[in-house]
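S.K.: First, the structure itself, so that you have it in front of you.
The values are calculated or read from the model by the stated rules, or taken from the named source; none is laboratory data. Just so it is clear, the structure is predicted and the values come from calculations on it, not from any experiment. A quick note on method: Cβ atoms are made from the backbone with ideal geometry, for glycine too, and the neighbour counts reach across all protein chains shown. For accessibility, only protein heavy atoms count, side chains too; no ligands or nucleic acids. Shrake-Rupley method; radii C 1.70, N 1.55, O 1.52, S 1.80 Å.
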Amino acid sequence: MGDMIKGNHAIAEAALRAGAEFYAGYPITPSTEIVEYLSERMPELGRVFIQAESEGASINMVIGASASGARCFTASSSVGMTLKQEGISHLADMNLPFLAVNVTRYGNGLGTLDTGQSDYNRDTRGGGSGDYRNIVLSPSGLQEAVDLVGLAFDLADKYRVGAILHTEAALGQMMEPCDMPEFREVKRREDGINGDYTIKNRVSPLTADRRKEAIELKERYEIIKANEQRWEEGYLEDADYVIVAYGLAGRSAMGAVEQIRAEGHKVGFIRPITLWPFPEKAFSKVNPNVKGYISVEENALGQMVDDIALTLKKYKNSSTPIYCLAYAFGIPTMKKIKEDFLRINAGELKEVY
Amino acid sequence: MAKKRKLPEMLGKQISFCPGCGHGVVVRLIAECIEELGQTNNVIWNIGVGCYSLASIGINADKFDSLHGKASATSTAFKKLNPDTLIISYQGDGDAYNIGIGESISTAYRNENITVITVNNTNYGMTGGQMSATTLPGQMTTTSPKGRDCATTGMPIKFPELVATQFPNAAYVARGSVTSPANVNKLKKYIKNAFEAQLNNEGYSLVEVLSPCPTNWGMTPLQSHDRVDNEIMTYYPLGEFKKREVK
Ligand SMILES: Cc1ncc(C[n+]2csc(CCOP(=O)(O)OP(=O)(O)O)c2C)c(N)n1
Ligand code: SF4
């Protein structure tokens, strides 16, 4: 097993090992260790590091880097990610791949410094103006985070879309043992421009056939939905109730499921790893006589619960009750999830759908 | 005897600006300088958002369409990853000095080795002539219908002067105009100096161009050129504000 490492450092190092040649970012708690780490590490490796004047400038630098064909990334937290959305939408418009790491903090506007999952809707729906999506990957531990960073870059390049590593404050700040991947070669994509004008067929936004592009994009997203859903699951075949949770809430929920089962209740779990595409396929494995689904979330309104409802509408019996344990912020403890499950089981809590 | 100017190779298709507009002259001069410096296959035109966005259709060279105001940031990345390529940010006064002032100042302040060309026509041309950071005192625009009131909207910004006086590392800063053959020739020298500074890794270079916008000023092309000479130049003097250091 690898050495102990802090979450944000692990993510930054993993990106460099995946061949990232360019980073631009702006400090914000709880993601700051990423920009700090890279300020030393990237020059050491001969890569390009820029501390930009703002999140908006950082993402526009990433635009220039991706247009140059370089493997590139930025990182921020919630409100900082908000400022990047114009650029992320522009990247989508130009089919330019990139990675953005969102070490989320709970809350609206400036928000808090608490760990939370209040950016689910924003990150899974594209986030800026327009009609696009990014692949959103959410780890529940540091080894998984490190592994997903490399995957995120590869998927972004493969499908010519953006990738978001959607993690959270506690995961960025905690330490765990981690095996780091080997260094991969730094190389430019062939479609990048460098001034020599060998790529003559680049389409200008002013002359593009927008209808054709939109249809092509939709088709590409359908392929991503078909091929790239990822999740972890347990005990779905006999489950009376299925708990759905991602990130650190997902990790806690998996522990709670073991405890609840030990007391004789048949519960299963689905832990989405791709938040977009949402792992709809996981639901096809669930016991047809399941009595209910329970979304466990670190926000107050319940956000992912809507995706569970849409999935059931599409693939399953949409009249199955769907509950939501929305804990506002902070990682819900296994004990708390267990207690609240027992209240649901006793008919004390009302379903959302 | 007047020299006949050859159309640069990279300007193939027609670009449609209004009659009397300065953008066409600026695009042409940039292309001539690129060609004369032997950089035709070593340049990225990074274009902002304004009437000049149309230029991207007519330029046969590597080019990129940046977001409104953000070309200096994208140019920064282009240069870092392509250090031997000539990187040009083509922007307007609204693009570079209003929405993009943060990126413009920060790029100059970091002394990025790129060239920014800002075409200053004292308004937002593309959206129909609203007030910009360079609209002159008293100038009527669609958002200053009674004339710009500098008591409430501030005085027009002088970005080249700001860069030249506050950022001592900047390599080259000048302001030119397109209003007479003499001015056009001088402007071409400024642009070429800026490109040479970049190609020699001397640092940030900036050329602002005073440019008529007859359509939004409600003037004929000739009247609009007179306005540049008689009115705008009294507030925005031409010249080199920071010369290249002879090394
Ligand atoms: C984010 C954003 N805000 C506003 C606009 C609308 N818009 C397009 S061009 C423009 C002004 C351009 O003015 P300037 O840079 O001075 O160029 P000109 O057209 O005068 O040459 C504006 C406000 C936009 N495209 N994007
Ligand atoms: S509106 Fe003004 S800046 Fe735009 S093309 Fe016409 S004259 Fe030029």
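S.K.: Past the 29 Å Cα-Cα mark, which pairs from B:Lys79/B:Lys243; A:Lys6/B:Lys63; B:Lys13/B:Lys192? Numbers along the way, then the final one.
M.R.: Values: B:Lys79/B:Lys243 22 Å; A:Lys6/B:Lys63 41 Å; B:Lys13/B:Lys192 23 Å.
Among B:Lys79/B:Lys243; A:Lys6/B:Lys63; B:Lys13/B:Lys192, the Cα-Cα distance tops 29 Å for A:Lys6/B:Lys63.
S.K.: Across peptide A:55-62, how many C-beta atoms of other chains are within 10 Å of each residue C-beta, on average?
M.R.: Details: counts 0, 7, 10, 2, 4, 13, 11, 3.
Taking all residues of A:55-62 together, the mean is 6.
S.K.: Okay, which of segment A:62-103 sit inside 19 Å, backbone N to the point 7 Å along the Cα-Cβ direction of A:Lys158?
M.R.: It comes to A:71-72, A:95-100, nothing else.
S.K.: Could you work out the relative contact order of chain B? I mean the mean sequence separation of Cα pairs under 8 Å and 6+ apart, divided by the number of residues, in percent. Can you show the working numbers first?
M.R.: Details: 503 pairs, mean separation 46.6, N = 247.
RCO, chain B: 19 percent.
S.K.: Mind checking which of A:Ala326, A:Ala12, A:Ala145 has the largest fluctuation in a GNM of chain A, springs on alpha carbons under 10 Å?
M.R.: In this elastic network of chain A, the residue with the biggest mean-square fluctuation among A:Ala326, A:Ala12, A:Ala145 is A:Ala326.
S.K.: Using the heavy atoms of the protein chains and a 1.4 angstrom probe, tell me the accessible area per residue for segment B:23-242 in square angstrom.
M.R.: Values: 7190 Å² over 220 residues.
Dividing the accessible area of segment B:23-242 by its residue count gives 33 Å².
S.K.: Compute the relative contact order of chain A as a whole-number percentage, counting only Cα pairs closer than 8 Å that sit 6 or more residues apart in sequence.
M.R.: Details: 755 pairs, mean separation 59.9, N = 353.
Reported relative contact order: 17 percent.
S.K.: Got a number for the accessible area of A:Arg230? Probe 1.4 Å, square angstrom, nearest 10.
M.R.: Here the residue's solvent-accessible area equals roughly 70 Å².
S.K.: Which longest run of chain B has no exposed loop site in it, a site being GluC sites (Glu not before Pro) in a DSSP loop with at most 15 other beta carbons within 10 Å, and the site itself not part of the run? Can you show the working numbers first?
M.R.: Values: sites that count: B:Glu9, B:Glu245.
It works out to B:10-244.
S.K.: Write out the trypsin sites (Lys or Arg not before Pro) in segment A:240-345 meeting two conditions: DSSP loop, and at most 14 other Cβ atoms within 10 Å of their Cβ. Walk me through the numbers on the way to the answer.
M.R.: Values: sites: A:Arg251, A:Arg261, A:Lys266, A:Lys281, A:Lys285, A:Lys291, A:Lys313, A:Lys314, A:Lys316, A:Lys335, A:Lys336, A:Lys338, A:Arg343; in loops: A:Lys266, A:Lys291, A:Lys316.
Those satisfying the criteria are A:Lys291.
S.K.: Counting only protein heavy atoms, what percent of the accessible surface of segment A:122-181 is carbon or sulfur at a 1.4 Å probe? Please list the in-between numbers first.
M.R.: Values: 930 of 1790 Å².
C and S atoms contribute 52 percent here.
S.K.: Determine the shape class of segment A:292-353: with a ≥ b ≥ c the square roots of the Cα gyration tensor eigenvalues, call it rounded for a/c under 1.5, and otherwise prolate if a/b is greater than b/c, oblate otherwise.
M.R.: It comes out oblate by the Cα gyration axes.
S.K.: While we're looking at this one, here's another question. Need one value: the accessible area of A:Thr274 in square angstrom, 1.4 angstrom probe, rounded to the nearest 10.
M.R.: Accessible surface of A:Thr274 is approximately 0 Å².
S.K.: Under 18 Å Cα-Cα from B:Lys242, which aspartates and glutamates qualify once same-chain neighbours fewer than 8 residues away are excluded?
M.R.: Output for B:Lys242: B:Glu112, B:Glu161, B:Glu196, B:Glu202, B:Glu208.
S.K.: Further question on the same structure: Provide a whole-number value for the mean count of partner chain Cβ atoms within 10 Å of the Cβ atoms in peptide B:43-54. Working shown, then result.
M.R.: Details: counts 3, 8, 1, 2, 1, 0, 0, 0, 0, 0, 3, 2.
That average works out to 2.
S.K.: State, as an integer percentage, the relative contact order of segment B:1-64 based on alpha-carbon contacts under 8 Å between residues 6 or more apart.
M.R.: Working: 58 pairs, mean separation 27.1, N = 64.
Relative contact order of segment B:1-64: 42 percent.
S.K.: Please enumerate, by chain and number, the lysines with C-alpha under 18 Å from the C-alpha of A:Lys84, excluding those fewer than 8 residues away in the same chain.
M.R.: Correct list for A:Lys84: B:Lys70.
S.K.: Starting from the 7 Å offset along Cα-to-Cβ, what nm value, one decimal, do you get for the label separation of A:Leu310 and A:Met1?
M.R.: 3.8
S.K.: Now a separate question. Taking a ≥ b ≥ c as the square roots of the eigenvalues of the Cα gyration tensor of segment B:1-115, is the shape rounded (a/c under 1.5), prolate (a/b larger than b/c) or oblate? Walk me through the numbers before you get to the answer.
M.R.: Values: a/c = 1.97, a/b = 1.35, b/c = 1.46.
Oblate, because a/c is 1.5 or more while a/b does not exceed b/c.
S.K.: Follow-up question, since we're still on this one. Give me a single rounded figure for A:202-213: the average over its residues of other chain Cβ atoms within 10 Å of their Cβ.
M.R.: Working: counts 5, 0, 10, 3, 6, 2, 0, 0, 0, 0, 0, 0.
Mean shielding count: 2.
S.K.: Please give, to one decimal in nm, the separation of the simple spin-label points placed at B:Gln223 and A:Asp238, each 7 Å out from Cα toward the Cβ.
M.R.: 8.9
S.K.: Find which of A:Thr115, A:Ile270, A:Ala256 sits farthest along the positive direction of the dipole of chain A, computed with +1 on the beta-carbon of Lys and Arg, -1 on that of Asp and Glu, about the Cα centre.
M.R.: Value: A:Ile270.
S.K.: Let's see if you can work this out: charge +1 on each Lys and Arg Cβ, -1 on each Asp and Glu Cβ, no other charges. What is the dipole magnitude of segment A:92-192 about its Cα centre, in debye to the nearest 20? Mind showing how you got there, number by number?
M.R.: Working: 10 positive and 16 negative charges, 67 e Å.
Here the size comes out at about 320 debye.
S.K.: Follow-up. Taking the Cα centre of segment B:23-242 as origin, work out the dipole magnitude from +1 charges on Lys and Arg Cβ and -1 charges on Asp and Glu Cβ, in debye rounded to 20.
M.R.: That gives a dipole near 180 debye.
S.K.: Counting only protein heavy atoms and using a 1.4 Å probe, what share of the accessible area of segment B:204-247 belongs to carbon plus sulfur, as a whole percent? The partial results should precede the final answer.
M.R.: On the way: 1210 of 2220 Å².
Carbon-and-sulfur percentage of accessible area, whole number: 54.
S.K.: Which value, in square angstrom to the nearest 100, describes the accessible area buried between chains A and B on both sides, using a 1.4 angstrom probe? Let's see the in-between values first.
M.R.: Values: alone 15300 and 11070 Å², together 23800 Å².
Adding both sides of the contact gives about 2600 Å².
S.K.: Counting only heavy atoms of the protein chains, get the accessible area per residue of chain A (1.4 Å probe) and round it to a whole Å² value.
M.R.: Numbers: 14030 Å² over 353 residues.
Counting only protein heavy atoms, the per-residue value for chain A is 40 Å².
S.K.: Roughly what % antiparallel, to the nearest 5, for the DSSP beta bridges in the protein assembly as shown?
M.R.: On the way: 15 of 74 bridges.
Percentage antiparallel, nearest 5: 20.
S.K.: Here's another thing I want to ask about it. Which lysines have a Cα lying under 16 Å from the Cα of A:Lys338, excluding residues fewer than 8 positions away in the same chain?
M.R.: Within reach: A:Lys266.
S.K.: Right, another one. Taking chain A as a Gaussian network, where each spring joins two C-alpha atoms under 10 Å apart, which residue of A:Val161, A:Val267, A:Val203 fluctuates the most?
M.R.: A:Val203
S.K.: On to the next question. Once you've got the GNM for chain A with C-alpha springs shorter than 10 Å, pick whichever of A:Asn60, A:Asn201, A:Asn227 has the biggest mean-square fluctuation.
M.R.: Highest fluctuation among the options: A:Asn201.
S.K.: Something else: Given axes a ≥ b ≥ c from the Cα gyration tensor, I'd like to know whether segment B:50-94 is rounded (a/c under 1.5), prolate (a/b larger than b/c) or oblate. Present the calculation step by step, with values, prior to reporting the outcome.
M.R.: Numbers: a/c = 2.54, a/b = 1.32, b/c = 1.92.
Because a/c hits 1.5 or more and a/b fails to exceed b/c, segment B:50-94 counts as oblate.
S.K.: Just read off the accessible area of B:Arg244 with the full protein assembly in place, 1.4 Å probe, to the nearest 10 Å².
M.R.: My reading of the accessible area for B:Arg244 is about 60 Å².
S.K.: What's the center-to-center distance, using Cα atoms, between segment B:206-247 and segment B:39-59 in Å?
M.R.: 21
S.K.: Between A:Lys285 and B:Leu7, what is the label-to-label distance in nm when each label sits 7 Å out along the Cα-to-Cβ direction?
M.R.: Each label point is offset 7 Å from its Cα along the Cβ direction, giving 6.5 nm.
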